[in-house]
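Peer 1: Mind looking over this structure? Questions follow.
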There are 2 protein chains.
Amino acid sequence: MKIKYELTKKDGRARLGKLITNHGTFTTPMFMPVGTLANVKMLTPEELKEVGSAVVLSNTYHLWLRPGEDIVKKAGGLHKFMNYDGPILTDSGGFQVFSLAKNKEKDITEEGVHFKSHIDGKPLLLTPELSIEIQNKLDSDIAMSFDECIPYPATYEYAKNSTERTLRWAKRGKDAFKNENQSLFGIVQGGEFEDLRKYSAQETVKMDFDGYSIGGTSVGEDKDTMYKMVDYAIKYLPEDKPRYLMGVGEPSDLLEGVERGIDMFDCVLPTRLARHANAFTKHGKINLKNACYKEDFTPLDDCDCYTCKNYTKAYLRHLFVAKEGLGGRLLSIHNIRFLIKMMEDMRNAISEDKFLEYKKEFLDKYNNQP
Amino acid sequence: MKIKYELTKKDGRARLGKLITNHGTFTTPMFMPVGTLANVKMLTPEELKEVGSAVVLSNTYHLWLRPGEDIVKKAGGLHKFMNYDGPILTDSGGFQVFSLAKNKEKDITEEGVHFKSHIDGKPLLLTPELSIEIQNKLDSDIAMSFDECIPYPATYEYAKNSTERTLRWAKRGKDAFKNENQSLFGIVQGGEFEDLRKYSAQETVKMDFDGYSIGGTSVGEDKDTMYKMVDYAIKYLPEDKPRYLMGVGEPSDLLEGVERGIDMFDCVLPTRLARHANAFTKHGKINLKNACYKEDFTPLDDCDCYTCKNYTKAYLRHLFVAKEGLGGRLLSIHNIRFLIKMMEDMRNAISEDKFLEYKKEFLDKYNNQP
């Protein structure tokens with residue numbers, strides 16, 4: 001069965017909805033933690049469920065290299081392999097090819113992208129068909145089309161050619177797609193150019209995907225550019241399909257995305273920050289290695305997560321100072337819960353037509369450390 | 001309240017008993033996982049309870065350096081600091097001083113041991129009184145006397161002088177002891193010499209501690225020597241007090257120890273092995289990085305732990321090959337459960353007067369990989 005999206009309510013452009021998958025239904029807008037190598041670093045599936053995480057993203061490029069999609073297929077697919085029975089979205093590998101290729105060297109041809117493995121430098125070729133074939137074997141709930149993340153800044157000429165090639169790649173991937181139980185999202189490209197975003201959105205929608213993603217650039221453009229790219233594209237996306245903004249996880253970006261009508265987000269930020277002792281709190285980000293937490297026997301935040309209910313900042317600081325892995329684990333739980341709770345609060349706000357009030361209230365607190 | 005030990009039953013020299021502490025009662029013989037820096041690496045207290053672990057050991061030397069005993073005291077003691085409400089035993093720091101001192105340089109005087117911090121090389125002095133003062137502040141359930149771990153091999157002369165000094169240190173520590181809610185164990189030394197072990201045991205028992213440990217050497221003597229040292233000492237220990245063999249965790253050593261009448265063991269082995277992809281199984285130790293597990297979609301072992309119930313060897317192998325921390329976490333759960341289950345099985349065997357049969361059966365399987 002393909003996924004099904006139901007739009008429940010709107011508050012301005014912000015959308016409240018429901019995504020029905022073969023591995024459960026979740027409400028949107030939703031944030032997806034990243035399980036790069038078939039696990040969200042340090043955490044079990046049970047812990048993800050406990051923080052309210054209803055869907056995870058896993059990386060096709062990484063799983064292609066290790067353990068290889070054939071092993072995952074033999075295990076019975078990614079869900080069984082990683083012991084996770086909730087919905088999984090896999091990316092196309094495109095972003096990793098552009099960001100992780102050894103020495104950043106790559107050769108983009110009509111066929112696909114030639115580059116070298118970030119692990120052993122082995123020459124590799126990823127094509128739209130191969131990306132889909134790998135994802136079909138991984139058997140995630142949602143697969144993504146293979147696209148080029150346009151460099152930033154790029155000339156109009158480059159962006160136009162790339163956008164057109166990404167459309168041809170999307171068509172090739174769709175034609176190669178063979179998994180009846182999996183859905184496929186198209187990706188809108190076009191760089192920072194309004195007419196290219198419009199063109200890309202319209203042409204991608206014509207191909208009739210199960211959902212649409214608004215792709216970014218390969219480097220991380222500034223925030224205003226990102227919001228602009230969303231604005232340019234989103235008005236051409238159908239209301240009855242989910243919209244996904246890739247690689248976004250800063251609280252302010254989640255708010256801006258939801259405000260513009262985005263339904264799904266993913267980012268390594270909560271777990272990556274956690275491993276470096278950085279915690280989201282209602283009053284902004286803090287670093288637990290800071291000496292001021294040495295004798296701070298209060299919880300990290302006013303939060304309902306396992307970590308905040310059971311541990312103090314002094315203990316968490318001790319774990320990080322002593323380089324104990326439990327610190328990153330406990331903080332990952334909190335940071336993911338923080339973003340998931342934000343999404344819950346946003347959904348509640350939308351349902352009460354108070355999204356903009358919630359946004360202002362959140363940011364007033366978040367940007368003002370006491 | 002001090003701990004209370006009740007001897008329930010004997011099978012040969014093997015003892016079935018019960019240890020009552022301020023933080024709960026557990027049956028003996030028992031294995032204690034090591035929570036070096038106020039956490040059993042990667043695991044939560046809830047996970048320890050789930051595998052049947054009823055008591056943990058934490059390291060005085062490490063906590064003295066980080067975060068410092070005063071911070072633990074301000075947190076309300078070690079239990080509150082680490083969010084663990086079960087019994088905790090702290091060692092004296094003696095073993096770490098002898099094994100971890102920077103450049104292995106140390107100066108043993110009557111006062112105590114001068115050495116340099118393994119973290120920053122800072123000169124430090126640990127005395128019997130200071131070890132007790134730190135442990136009193138940590139507020140563990142059971143504290144250990146400060147002893148010298150005699151080098152191996154050592155001359156009779158050296159061992160005799162050291163054994164006598166350890167007795168004087170034990171007395172000084174006992175006199176300095178100030179925590180009414182904490183119990184104190186004496187440590188029998190004497191190296192590999194029968195008469196010194198007898199002398200040390202008799203003199204230590206005269207001081208009337210709440211329990212007795214049979215201390216090893218600073219380097220890890222061969223197994224036969226270790227068993228001999230236990231044999232020499234244990235017959236002079238009172239039946240109504242618990243006996244603890246420090247730093248022992250190999251399955252065969254646990255069996256030999258229990259057979260000789262030991263009640264408690266601790267070792268970093270299960271967690272350290274786990275971080276290096278080594279797993280205990282009923283058919284011996286295996287290394288999960290081995291290529292033969294690449295497509296092995298069966299559980300690690302015939303075992304009731306979370307890891308064995310939910311994950312395959314292929315998945316665990318993938319986590320280790322990809323250097324994902326979850327691998328060490330999942331394997332720590334299994335390895336600890338393996339030793340805890342062994343202790344459960346030994347207790348059952350003792351209660352049925354079948355300890356030697358159990359031992360033979362276990363070792364026949366363990367030493368013969370299929």
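Peer 1: All but one of (1) among the polar types (S, T, N, Q); (2) touching a Ser or Thr at 6+ places or on another chain (Cβ under 7 Å); (3) closer than 19 Å to residue A:333 by Cβ hold for residue A:60; state the number of the condition that does not hold.
Peer 2: (3)
Peer 1: Name the one entry in A:179, A:136 that is within 26 Å of residue A:2 (Cα to Cα) and assigned to a helix (DSSP H, G or I).
Peer 2: Values: A:179 fails: assigned to a helix (DSSP H, G or I).
The conditions single out A:136.
Peer 1: Right, residue A:255: away from chain B (no Cβ under 13 Å) and within 30 Å of residue A:101 (Cα to Cα) or not?
Peer 2: Criteria not met by residue A:255.
Peer 1: What's the number of the condition residue B:368 fails, among (1) over 24 Å from residue A:45 (Cβ atoms); (2) loosely packed, with under 15 Cβ neighbours inside 10 Å; (3) at pLDDT 95 or above; (4) among the polar types (S, T, N, Q)?
Peer 2: It is condition (3) that residue B:368 fails.
Peer 1: Turning to a different aspect of this structure: Take the range B:38-55 and flag every residue that is outside any helix (DSSP H, G or I) and either assigned by TED's automatic domain parsing to the domain that holds residue B:337 or over 14 Å from the mean Cα position of the chain (by Cα) (or both).
Peer 2: Scanning the range B:38-55 gives B:38, B:39, B:41, B:42, B:43, B:44, B:51, B:52.
Peer 1: Further question on the same structure: More than 26 Å from residue B:27 (Cβ to Cβ), in contact (Cβ under 8 Å) with a residue 60 or more places away in the chain and at the interface with chain A (Cβ under 9 Å from one of its Cβ atoms) - does that describe any residue in the range B:284-307?
Peer 2: No, the conditions are met nowhere in the range B:284-307.
Peer 1: For the range B:272-282, indicate whether the set of residues that are farther than 30 Å from residue B:95 by Cα, more than 12 Å from chain A (Cβ to nearest Cβ) and touching a Phe, Trp or Tyr at 6+ places or on another chain (Cβ under 9 Å) is non-empty. Break it down stepwise before answering.
Peer 2: Here is the first cut: in the range B:272-282, the residues farther than 30 Å from residue B:95 by Cα are B:282.
Subset that is more than 12 Å from chain A (Cβ to nearest Cβ): B:282.
Then drop every residue that is not touching a Phe, Trp or Tyr at 6+ places or on another chain (Cβ under 9 Å), which leaves B:282.
Looking through the range B:272-282, at least one residue is farther than 30 Å from residue B:95 by Cα, more than 12 Å from chain A (Cβ to nearest Cβ) and touching a Phe, Trp or Tyr at 6+ places or on another chain (Cβ under 9 Å).
Peer 1: So if I check each of B:65, B:48, B:37, which one is within 14 Å of chain A (Cβ to nearest Cβ), in contact with an Asp or Glu (Cβ under 6 Å, 6 or more places away or on another chain) and at pLDDT 95 or above?
Peer 2: Residue meeting the stated conditions: B:37.
Peer 1: Can you name the number of the only condition in (1) within 13 Å of another protein chain (Cβ to nearest Cβ); (2) surrounded by 18 or more Cβ atoms within 10 Å (Cβ to Cβ); (3) touching a residue at least 24 places away in the same chain (Cβ under 8 Å) that residue A:55 fails?
Peer 2: (1)
Peer 1: Right, here's the next one. Identify, by number, the condition in (1) buried (at least 18 other Cβ atoms within 10 Å of the Cβ); (2) not assigned by TED's automatic domain parsing to the domain that holds residue A:92 that residue A:213 doesn't meet.
Peer 2: (2)
Peer 1: When residues of the range A:270-283 are filtered for being without any contact (Cβ under 8 Å) to a residue 60 or more places away in the chain and under 13 Å from residue A:334 (Cα atoms), how many remain?
Peer 2: Here the count works out to 6.
Peer 1: If you don't mind, there's one more thing I want to ask. Would you check which residues across the range B:179-210 are in contact with an Asp or Glu (Cβ under 8 Å, 6 or more places away or on another chain) and over 15 Å from residue B:230 (Cα atoms) and list them? Explain how you work it out, then say what you get.
Peer 2: Residues of the range B:179-210 in contact with an Asp or Glu (Cβ under 8 Å, 6 or more places away or on another chain): B:179, B:181-185, B:187, B:189, B:192.
B:179, B:181, B:182, B:183, B:184, B:185 - these are the residues of the range B:179-210 that are in contact with an Asp or Glu (Cβ under 8 Å, 6 or more places away or on another chain) and over 15 Å from residue B:230 (Cα atoms).
Peer 1: Next up: Wholly within the range B:186-282, which helices (runs of 4 or more DSSP H) include no fewer than the required count, namely at least 2 residues that are modelled with pLDDT under 95?
Peer 2: Fully inside the range B:186-282 and qualifying: B:223-234.
Peer 1: Residue A:323: at positive phi and either within 13 Å of chain B (Cβ to nearest Cβ) or among the polar types (S, T, N, Q) (or both), yes or no? Walk me through it before giving the result.
Peer 2: On the way: at positive phi: yes; either within 13 Å of chain B (Cβ to nearest Cβ) or among the polar types (S, T, N, Q) (or both): yes.
Here the answer is yes, as residue A:323 does meet what is asked.
Peer 1: Of (1) among the β-branched types (Val, Ile, Thr); (2) more than 23 Å from residue B:186 (Cβ to Cβ); (3) touching a residue at least 40 places away in the same chain (Cβ under 8 Å), residue B:88 satisfies all except one. Which?
Peer 2: If we test residue B:88 against (1) among the β-branched types (Val, Ile, Thr); (2) more than 23 Å from residue B:186 (Cβ to Cβ); (3) touching a residue at least 40 places away in the same chain (Cβ under 8 Å), just (2) comes out false.
Peer 1: Please go through the range B:108-130 and pick out each residue that is surrounded by 12 or more Cβ atoms within 10 Å (Cβ to Cβ) and not in a loop (DSSP other than H, G, I, E, B).
Peer 2: Passing the criteria: B:108, B:113, B:114, B:115, B:116, B:124, B:125, B:126, B:128, B:129, B:130.
Peer 1: I need every pair where a residue in the range B:180-201 that is closer than 18 Å to residue B:155 by Cβ and charged (D, E, K, R) has its Cβ under 6 Å from the Cβ of a residue that is at pLDDT 95 or above and surrounded by fewer than 24 Cβ atoms within 10 Å (Cβ to Cβ), sequence separation at least 6 or different chains.
Peer 2: Final answer for the pair search is B:194/B:232; B:197/B:232.
Peer 1: Do we have residue B:79 as part of a loop (DSSP other than H, G, I, E, B) and under 22 Å from the mean Cα position of the chain (by Cα) here?
Peer 2: Numbers: part of a loop (DSSP other than H, G, I, E, B): no; under 22 Å from the mean Cα position of the chain (by Cα): yes.
No, not satisfied.
The values are calculated or read from the model by the stated rules, or taken from the named source; none is laboratory data. Just so it is clear, the structure is predicted and the values come from calculations on it, not from any experiment. Cβ coordinates were reconstructed from backbone atoms using ideal geometry, including for glycine residues, and neighbour counts include every protein chain displayed.
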